[in-house]
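> Mind looking over this structure? Questions follow.
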Amino acid sequence: MNIIVLVKQVPNNTEVKLDPKTGNLIREGVDTIVNPDDLQALETAFTLKETHGATITVLSMGPVQAIDALSEAIGMGADKAILLSDRAFAGADTWATSFTLGKAIQRVEKFDLILTGRQAIDGDTAQVGPQIAEYLDLPQVTYVFDIEKLDTGYVQVKRRLEDGYERIQCSLPAVLTIIGGRSKPRYPEISKLLSACTKRAPIEVWNAADIGVTTAEVGMNGSLTQVIKTFAPKFERQSEFLEGSAASVARDLVERFKRNKLI
Amino acid sequence: MIRSNPEELVRKNIARFVDKEIIPVAQELDNKGEFPREIFEKLARMGIFGIRYPRHKGGAGGNTTLFCIICEEISRGLLSVASITAMQCLMGTNFLFHSGTPEMLDQYFLPAMRGEKIGCFCMTEPDAGSDLGAITTRATEVDDGYLINGMKTWVTDGPEASFYTVMCQTDPTKRLRGIGYFFVPRHFSGVSVSSPFKCLGTRTTPICEVAFKDVLIPKEYRLTPEGQGLNSFLKIIAEIRTMTAALAIGLQRAAMADSIKYANERVASGKPIAKFQLIQAKIANMVTNLEASRLMTYRAAAMIDAGQDALKESTMAKYFATEAACSATDECTRIFAGYGYSMEYTAQRYFRDSRFLLNGGGTHEVLQGNIARWVGL
């Protein structure tokens, strides 16, 4: 079995701050981590490898610094890794990202399962996994927290719902987006981490030409949406005490609700 | 070719482990004062104990610099876990790795790398510490091996250990030239281990006495050839001191981080105490000492990795970084003021733990004497 795991390197959200003037994320000096849901996807892949036998290829798109996310994945037990890195990929929205990852996946010889996290903590869109499935014309199951069966040609999973879960069987190859399950993601092994830093490490870096795309199709050029402004919401509470009799306070309150179109 | 920087990658991953697995339970572990078995096993699963050893022999293929990074990061979480880790990575397994027979490596070294067995180092005696020539534990050659007799004390991890590397005197007339290292499995007849000592700090690190009475070990359990014990000691002591300096850096960082956080939160006379110059001066000293400690320690580590003699550099690094740790933890309790005296807060633990660093690898009085001697005094 061949499993592709899609991971994203994201800023550690416990440290992220916005520049008050530009509204942009302050990335300098901020620790980066592998997106938590993607770590769950990796852990799911390693569990399948241990129980069913599998070759795990990890794929990521990002700047050269994202190599650390792939090194960590190798440290955790992935067999090989591919980083999609090219200036042309910069500024991609979820559409362009899904297209680029989809193109790269088509270059990977053979796969049975694509696993990725439900969503990334820096964008929280949860769009890339499903869009890749659409692009590749594959069945998809989102919010998967348990893989119950994996057999020739199909997979049976549990999908989290707000008030429970549903059991779904789908044919392979398929795309599953993963959320936290029973297993905590493992920590990397030091010897494998160090191996991932060597020239012989099974990590490849692909650019736009490698995956056969033009610069017009990817990155900001290929994006259907643009971020106009990013800002931190203000959490300001303004208190005002109404005085008078209970009846007059109630009347005043109703009037204010109407004025503010709350009722 | 794009590749990760191994030192940054290892530091980042160990730091994450420390933040998630050690810091949240550090106070509780210290209060209980028990060997941190669960964390020890997790560290083993990450393959940390083999950091100094080559990959083809069961290690992780790292070096002294990486070893120090790991020690520093773990010490930032809980010094006693770091000291246990250091013992398993270095003193507890080093001589076994270099001189053990293939059977000994299979039976003891590889299980130690997997965290299934614990190794430790017996050097200090009730009447001999830094003056190694005065040790009296004897290894006497007999027909079928060596007989070990004597008493060792301040044996870090001793109560939990499965095997001991024991510094013995083979010929008292030769003093330092007569010392050597011998491998003694705990289950051998004649080995007795005391209860753990009650100590001021590093409470999860078990420390005890180990007595050897007519313990017969096979010939191949001698780990250093005749006359080579002192050289082996001088080789490892530079690494022990560099590692101790790295532990001190981790402790400095913990004390400094908590001091800064508390100084920003605690308000006195209408403003955070961080705005007062005398508090700022304390923190400025911590920052400066930390930077100097890092430069000295990682320079010594780099020299060891380059195969150079780093005895002087490691001695000064250990002396400076440990004094800086004692100072930082002391100042931390002062910044915390009343809360620095409370067992509920971290400051008291840092203060107590810092004293552990003063003696391992040589007391500072001895180290200062060494440093003075190197400039001709």
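The values are calculated or read from the model by the stated rules, or taken from the named source; none is laboratory data. It should be emphasised that the depicted structure is a prediction, and the values quoted were computed from it without experimental measurement. Here the Cβ is made from the backbone with ideal geometry for all residues, glycine too, and neighbour counts use every protein chain on show.
> Within segment B:341-363, how many residues turn out to be buried (at least 16 other Cβ atoms within 10 Å of the Cβ) and farther than 14 Å from B:M256 by Cβ? Outline the logic, then answer.
Keep residues of segment B:341-363 that are buried (at least 16 other Cβ atoms within 10 Å of the Cβ), which gives B:345-362.
Those still in the list that are farther than 14 Å from B:M256 by Cβ too: B:345, B:348-349, B:352-353, B:355-362.
Number satisfying all stated conditions: 13.
> If you don't mind, another one. Cβ-Cβ below 8 Å, separation at least six or inter-chain, first residue in segment A:47-67 and farther than 16 Å from A:R87 by Cβ, second part of a loop (DSSP other than H, G, I, E, B) and among the aromatic types (F, W, Y): which pairs?
Note: pairs meeting the criteria are A:T57/A:F111.
> If you don't mind, there's one more thing I want to ask. Quick one: would you say A:A133 is of a type in the set (G, A, S) and under 21 Å from B:I2 (Cβ atoms)?
Here the answer is no, as A:A133 does not meet what is asked.
> Could I ask something else about it? Considering only residues that are more than 16 Å from the chain's Cα centre (by Cα), within 14 Å of chain B (Cβ to nearest Cβ) and within 18 Å of A:E189 (Cα to Cα), which ones fall in segment A:30-49?
A:F46
> If you don't mind, there's one more thing I want to ask. Going by the conditions given, is B:T93 more than 11 Å from chain A (Cβ to nearest Cβ), at negative phi, surrounded by 15 or more Cβ atoms within 10 Å (Cβ to Cβ) and of a type in the set (S, T, N, Q)?
yes
> Are any residues in segment A:50-62 more than 14 Å from every other protein chain (Cβ to nearest Cβ) and either basic (K, R) or part of a loop (DSSP other than H, G, I, E, B) (or both), and if so, which ones?
A:G53, A:A54
> Among the candidates A:E166, A:E236, single out the residue that is at pLDDT below 95 and either farther than 30 Å from B:A15 by Cβ or among the aliphatic types (A, V, I, L, M) (or both).
Values: A:E166 fails: at pLDDT below 95.
Only one candidate qualifies: A:E236.
> In the set A:V30, A:V58, which member is at pLDDT below 95 and β-branched (V, I, T)? Give the steps one after another, and end with the answer.
Working: A:V58 fails: at pLDDT below 95.
Result: A:V30 is the single residue among A:V30, A:V58 that is at pLDDT below 95 and β-branched (V, I, T).
> So is A:G75 out of contact with any strand residue (DSSP E or B) (no Cβ under 6 Å at 6 or more places or on another chain) and not in a helix (DSSP H, G or I) or not?
When the stated conditions are applied, A:G75 does not pass them.
> Which residues, counting only those in segment B:18-33, are closer than 20 Å to B:A44 by Cα and touching a helix residue (DSSP H, G or I) at 6+ places or on another chain (Cβ under 7 Å)?
Hits for segment B:18-33 are B:V18, B:E21, B:I22, B:I23, B:A26.
> Can you report the number of residues in segment A:155-195 which are farther than 30 Å from B:E21 by Cα and either within 14 Å of chain B (Cβ to nearest Cβ) or assigned to a helix (DSSP H, G or I) (or both)?
0
> I would also like to ask the following. Only one of (1) within 14 Å of the chain's Cα centre (by Cα); (2) within 14 Å of chain B (Cβ to nearest Cβ); (3) in a helix (DSSP H, G or I); (4) surrounded by fewer than 24 Cβ atoms within 10 Å (Cβ to Cβ) fails for A:Q65. Which number is that?
If we test A:Q65 against (1) within 14 Å of the chain's Cα centre (by Cα); (2) within 14 Å of chain B (Cβ to nearest Cβ); (3) in a helix (DSSP H, G or I); (4) surrounded by fewer than 24 Cβ atoms within 10 Å (Cβ to Cβ), just (1) comes out false.
> I'd like to know if segment B:129-144 contains one or more residues that are part of a strand (DSSP E or B), modelled with pLDDT of 95 or more and in contact with a helix residue (DSSP H, G or I) (Cβ under 7 Å, 6 or more places away or on another chain). Outline the logic, then answer.
So in segment B:129-144, the residues part of a strand (DSSP E or B) come out as B:138-142.
Restricting the remaining residues to those that are modelled with pLDDT of 95 or more gives B:138-142.
If we keep only those that are in contact with a helix residue (DSSP H, G or I) (Cβ under 7 Å, 6 or more places away or on another chain) as well, we get none.
No.
> Right, something else. Does A:K110 qualify as being over 15 Å from the mean Cα position of the chain (by Cα) and either at pLDDT 95 or above or within 14 Å of another protein chain (Cβ to nearest Cβ) (or both)?
Considered against the rule, which asks whether it is over 15 Å from the mean Cα position of the chain (by Cα) and either at pLDDT 95 or above or within 14 Å of another protein chain (Cβ to nearest Cβ) (or both), A:K110 comes out as no.
> Is it the case that some residue within segment A:196-214 is small (G, A, S), assigned to a loop (DSSP other than H, G, I, E, B) and more than 30 Å from A:S85 (Cβ to Cβ)?
No, the conditions are met nowhere in segment A:196-214.
> Moving to a separate point now. Among the strands (runs of 3 or more DSSP E) lying completely within segment B:179-230, list those that include at least 2 residues that are aliphatic (A, V, I, L, M) and over 22 Å from the mean Cα position of the chain (by Cα).
Here the list reads B:207-217.
> Please go through segment B:54-66 and give me each residue that is under 17 Å from the mean Cα position of the chain (by Cα) and either within 10 Å of chain A (Cβ to nearest Cβ) or on the phi > 0 side of the Ramachandran plot (or both), ordered by number.
B:N63, B:L66
> Another one. Can A:D79 be described as more than 14 Å from every other protein chain (Cβ to nearest Cβ) and without any contact (Cβ under 8 Å) to a residue 12 or more places away in the chain?
no
> Here's a follow-up. Please tell me if A:E204 is touching a strand residue (DSSP E or B) at 6+ places or on another chain (Cβ under 7 Å), of a type outside the set (F, W, Y), farther than 30 Å from A:I26 by Cβ and in contact (Cβ under 8 Å) with a residue 12 or more places away in the chain. Please lay out each step first, then the result.
Details: touching a strand residue (DSSP E or B) at 6+ places or on another chain (Cβ under 7 Å): yes; of a type outside the set (F, W, Y): yes; farther than 30 Å from A:I26 by Cβ: yes; in contact (Cβ under 8 Å) with a residue 12 or more places away in the chain: yes.
Considered against the rule, which asks whether it is touching a strand residue (DSSP E or B) at 6+ places or on another chain (Cβ under 7 Å), of a type outside the set (F, W, Y), farther than 30 Å from A:I26 by Cβ and in contact (Cβ under 8 Å) with a residue 12 or more places away in the chain, A:E204 comes out as yes.
> To continue, here is another question. Just to be sure I understand, how many residues within segment B:1-45 are within 7 Å of chain A (Cβ to nearest Cβ) and under 18 Å from the mean Cα position of the chain (by Cα)?
0
> I've got another one for you. Only residues that are farther than 19 Å from B:F95 by Cβ and part of a strand (DSSP E or B): list them for segment B:148-178, please.
Hits for segment B:148-178 are B:N149, B:M151, B:T153.
> Condition first: aromatic (F, W, Y) and surrounded by 17 or more Cβ atoms within 10 Å (Cβ to Cβ). Now tell me which residues in segment B:323-340 satisfy that.
Listed by number, the list holds a single entry, B:F336.
Yes/no matrix, rows are residues, columns are (1) under 30 Å from B:D143 (Cα atoms); (2) surrounded by fewer than 18 Cβ atoms within 10 Å (Cβ to Cβ):
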site: B:V166; (1), (2): yes, no
site: B:K174; (1), (2): yes, yes
site: B:T204; (1), (2): no, no
site: B:I217; (1), (2): yes, no
site: B:N231; (1), (2): yes, yes
site: B:I240; (1), (2): no, no
site: B:A245; (1), (2): no, no
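> Tell me, please, whether a residue that is more than 25 Å from the chain's Cα centre (by Cα) and small (G, A, S) can be found in segment B:314-332.
For segment B:314-332, residues more than 25 Å from the chain's Cα centre (by Cα) and small (G, A, S): absent.
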